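Read through the structure below, which is laid out as structure tokens, and then see the notes.
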Amino acid sequence: MDTLAAPLPASLTTLDLRDCQRIAFLSDVHLRADEPATFHAWSDHLKTLNVDAVFILGDLFDVWLGDDILQHPPASFERDCLARLHALSQTTPIYWLVGNRDFLFGATACEAAGMTAVSDPCVVQVDGQLWLLSHGDALCLSDTAYQSYRQTIRSAQSLVQLNASSLQDRMQLAKALKAQSLANKSMMENWADVDEAACVQWLHATGTSVLIHGHTHMPDEHLLPNGLQRVVLSDWDALATPPRLQSLQWVKGSGFSRQALPAPVNA
């Protein structure tokens, strides 16, 4: 096999969901305590889901400083979010992979939320198809500065150092990264998209036909060569005009559809 422009992990999760009739997908909800409108829209959506499985493809939280945040007294918001997921998990399996903002979301948080962690990407078998699911940031190859940062911050050495650092130090790091992100807002029109050649490489290497991902905040469906497909999830922002609160669902026999959710009133 040719060298992949965006290397795959050594081990991929493979899920057999051939019995599923309906599946929901969310990503880039960016939950944070100081933005209750998006939180309430997300929470209301969880209550209305009538599906056989839910996938959350990263960046559920605007930032996740590590699972020890759950023992931090002011972190009632994070504990509440995980409790709502746990309630849903009692009737519906929830599968989770980390994003670029919440890559420190670990086993303790997954257990608290009742979610099953999967690799990025992971392979899903459903209704005679094989899908590949990813957050998507590893495929944004044109953003070389981010890819260099990602390789460094997600290295085994950096993860050990981050988890060993104090929560206060991680809070300071999060503030610095947020300030940098705000400074780059003027570059939003040049937001990096995924590299489609790399997408095709991943699909061919895994024997899958549909790539489903988030991260880019550019929801759309793209036809790729040889009948392959790329489906991009929306980010969530209840305060945007119009609000961006979109759920992607797959129904057996009907395929994919998008549901634009109403912004909550007086959230």
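The values are calculated or read from the model by the stated rules, or taken from the named source; none is laboratory data. Note that this is a predicted model, so its numbers are computed, not measured. Reconstructed Cβ throughout: ideal geometry from the backbone, glycine too, with neighbour counts over all protein chains shown.
Within segment 58-65, is there a residue that is at pLDDT below 95, within 28 Å of R258 (Cβ to Cβ), surrounded by 15 or more Cβ atoms within 10 Å (Cβ to Cβ) and not hydrophobic (A, V, I, L, M, F, W, C)?
Taking every residue of segment 58-65 in turn, at least one turns out to be at pLDDT below 95, within 28 Å of R258 (Cβ to Cβ), surrounded by 15 or more Cβ atoms within 10 Å (Cβ to Cβ) and not hydrophobic (A, V, I, L, M, F, W, C).
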Q: Would you mind stating whether D235 is among the charged types (D, E, K, R), closer than 24 Å to F103 by Cβ and touching a residue at least 60 places away in the same chain (Cβ under 8 Å)?
A: yes
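Going through segment 114-130 one residue at a time, which ones are of a type outside the set (A, V, I, L, M), assigned to a strand (DSSP E or B) and surrounded by fewer than 21 Cβ atoms within 10 Å (Cβ to Cβ)? Walk me through how you get there before you give the answer.
Start the filter on segment 114-130 by keeping residues that are of a type outside the set (A, V, I, L, M), which leaves 114, 116, 119-122, 125, 127-129.
This time we only want the ones that are assigned to a strand (DSSP E or B), so: 116, 122, 125, 129.
Scanning segment 114-130 gives T116, Q125, Q129.
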Q: Mind telling me which of the residues L133, L159, L182, L141 ends up being at pLDDT below 80, out of contact with any Gly (no Cβ under 7 Å at 6 or more places or on another chain) and either closer than 30 Å to E221 by Cβ or outside any loop (DSSP other than H, G, I, E, B) (or both)?
A: L182
**Q.** Pick from segment 9-23, criterion closer than 25 Å to S155 by Cβ and modelled with pLDDT of 95 or more, ranking: surrounded by the fewest Cβ atoms within 10 Å (Cβ to Cβ)
**A.** L12
Q: Pull up segment 236-267, narrow it to residues that are in contact with a Ser or Thr (Cβ under 8 Å, 6 or more places away or on another chain) and among the polar types (S, T, N, Q), then point me to the one that is nearest to V29 (Cα to Cα).
A: Q246
Q.
Of all residues being among the charged types (D, E, K, R) and touching a residue at least 12 places away in the same chain (Cβ under 8 Å) in segment 25-40, which is surrounded by the most Cβ atoms within 10 Å (Cβ to Cβ)? Just the residue, please.
A. D28
(Q) Give me the residue from segment 84-113 that is under 23 Å from Q151 (Cα atoms) and outside any loop (DSSP other than H, G, I, E, B) and, out of that set, farthest from the chain's Cα centre (by Cα). (A) A107
Q) Pick from segment 21-40 the residues that are among the charged types (D, E, K, R) and assigned to a loop (DSSP other than H, G, I, E, B): which of them is farthest from S247 (Cα to Cα)? A) D34
Q.
Looking at segment 66-81 only, could you name the residues that are of a type outside the set (S, T, Y), surrounded by fewer than 18 Cβ atoms within 10 Å (Cβ to Cβ) and not in a loop (DSSP other than H, G, I, E, B)?
A. D68, L70, Q71, F77, R79, D80
Q) Does V51 meet the test of being part of a loop (DSSP other than H, G, I, E, B), surrounded by 15 or more Cβ atoms within 10 Å (Cβ to Cβ) and under 15 Å from the mean Cα position of the chain (by Cα)? A) no
